[in-house]
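Shown next, in structure tokens, is the structure this report addresses.
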Amino acid sequence: MSTSLLYHGFGIHGYEYVRTHYESGKVIFTIRQRRENLRCSVCRSRHVILKGTTQRQFRCLPIGLKPVWVTIAIQRVWCLNCQLVRQVRLGFADPRFTYTKNFERYAVELSRHMTILDVARHLGVSWDVVKDIQKRYLKKRFSRPKFKKLKRLSIDEISIGKGHRYLTIVLDLVTGAVVFVGDGKAAEALDPFWKRIKRSKPNIEAIAIDMSPAYISAVSEKLPEAVIVFDHFHVIKLYNERLSEFRRQLYHQLTGSMQKKVIKGTRWLLLKNPENLNAERNEHQRLQQALALNQPLATVYYMKEDLRRIWSQKDQKDADIFLDDWIARARASGIEMLEKFADTLIEHRYGILSYYRYPISTGPLEGTNNKIKTMKRQAYGFRDMEFFKLKIMGIHLTKYALVG
């Protein structure tokens with residue numbers, strides 16, 4: 001084996017090849033440091049005196065299915081400049097670990113396509129070794145994302161387990177990268193994020209959020225120049241929740257068994273978009289039968305379909321007129337649920353109509369949240385919360401980046 005093969009095949013240069021031997025199915029290369037390359041590991045002075053060696057063995061890239069190790073006697077030297085004994089620096093490995101830098105990069109690359117356990121089995125190392133390699137890589141690359149160029153953001157929370165455990169996620173809508181992960185879902189979860197924003201001073205134009213009072217208050221206080229855009233999916237979701245409650249109350253108010261039978265089981269039919277109704281299951285006919293039975297229910301349902309049209313107008317002026325018309329019809333209906341929802345729209349109309357200035361939503365963040373949940377299921381959970389957060393920060397790179 002030549003010294004050039006050490007460099008081109010294993011990324012080891014500046015060392016001399018000594019010999020190869022085979023032991024218990026392993027390939028072991030012995031190398032040595034050149035005397036002219038010895039320097040103090042701190043001041044980098046060449047004025048050193050040899051003070052013995054320390055024998056070390058490092059895991060290297062495998063050859064096929066054969067594990068490969070590199071053995072080297074690491075030189076200890078007396079630095080005439082520092083007046084101290086130091087161990088010389090290795091170019092191909094970190095002396096804190098038992099593997100080379102190339103091995104570490106190979107494990108990271110495999111982790112993009114395989115679980116930690118699969119990578120560990122393939123490389124013949126423990127689960128913890130691969131996990132630690134991943135964690136260091138993620139920490140180096142994603143622990144301190146740059147905030148200076150942030151323009152448009154989305155903020156939402158995600159449930160990560162039983163017992164009301166949540167994380168607050170901030171997504172860069174321009175790059176699709178998660179730039180912050182906070183503990184919990186209260187406004188306090190964003191405190192570290194606001195501190196970094198204050199230091200970086202980015203020119204943030206708009207932020208997409210739901211209608212949570214905590215988020216509205218925090219964004220208004222910390223970024224008063226940013227335009228708040230209320231996510232239209234959350235507005236429709238809130239209406240659907242009110243619609244479900246209205247149907248439930250109506251069901252309990254009905255006295256006839258036949259009427260109750262018609263209303264029962266229509267919840268999902270009421271919440272579905274008309275184009276998604278299944279013709280093979282006669283869902284359209286069942287829905288029409290329920291709506292014909294009760295005029296208030298029909299009014300609430302058709303108002304839901306009209307509500308969706310707020311975000312499909314030609315411009316903000318038309319949307320403003322349409323919103324006023326919807327609110328007027330809701331108030332004229334005499335239905336308490338619609339009247340209360342009209343008040344909600346009036347209170348939040350600035351953020352609803354802001355969509356026409358900045359057509360953004362939390363939709364991309366919802367997609368990221370689904371990827372996070374998938375990653376969590378594949379890993380059967382995460383015991384190391386710091387590691388889990390780092391995985392979230394890098395999840396935009398691949399389909400299911402660095403699955404656990």
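Quick notes on this structure:
- Exactly one residue among Leu153, Leu138, Leu173 is surrounded by 15 or more Cβ atoms within 10 Å (Cβ to Cβ) and in contact with a Ser or Thr (Cβ under 9 Å, 6 or more places away or on another chain), and that residue is Leu173.
- Number of positions in region 176-206 that are touching a Ser or Thr at 6+ places or on another chain (Cβ under 7 Å) and β-branched (Val, Ile, Thr): 1
- Check on Ile372, in a loop (DSSP other than H, G, I, E, B), touching a residue at least 12 places away in the same chain (Cβ under 8 Å) and more than 22 Å from Ile321 (Cβ to Cβ): no
- Flag not set for Ile236, criterion: of a type outside the set (Asp, Glu), in contact with a strand residue (DSSP E or B) (Cβ under 8 Å, 6 or more places away or on another chain) and in a helix (DSSP H, G or I).
Yes or no, residue by residue, for (1) in contact with a strand residue (DSSP E or B) (Cβ under 9 Å, 6 or more places away or on another chain); (2) on the phi > 0 side of the Ramachandran plot:
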position: His13; (1), (2): no, no
position: His21; (1), (2): yes, no
position: Phe29; (1), (2): yes, no
position: Gly52; (1), (2): yes, yes
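- When His396 is tested against (1) modelled with pLDDT of 85 or more; (2) within 19 Å of Lys139 (Cα to Cα); (3) touching a strand residue (DSSP E or B) at 6+ places or on another chain (Cβ under 7 Å), just one condition goes unmet, and that condition is (1).
- Only a single criterion out of (1) exposed (fewer than 15 other Cβ atoms within 10 Å of the Cβ); (2) closer than 30 Å to Asp343 by Cα; (3) in contact with a Ser or Thr (Cβ under 9 Å, 6 or more places away or on another chain); (4) not aromatic (Phe, Trp, Tyr) is not satisfied by Arg165, namely (2).
- Every residue from region 5-43 that is charged (D, E, K, R) and without any contact (Cβ under 8 Å) to a residue 24 or more places away in the chain: Glu16, Arg19, Glu23, Arg34, Arg35, Glu36
The values are calculated or read from the model by the stated rules, or taken from the named source; none is laboratory data. Fair warning: this is a prediction, and the values are worked out from it, not measured in the lab. Note: ideal-geometry Cβ built from the backbone for every residue, glycine included; neighbour counts use all protein chains shown.
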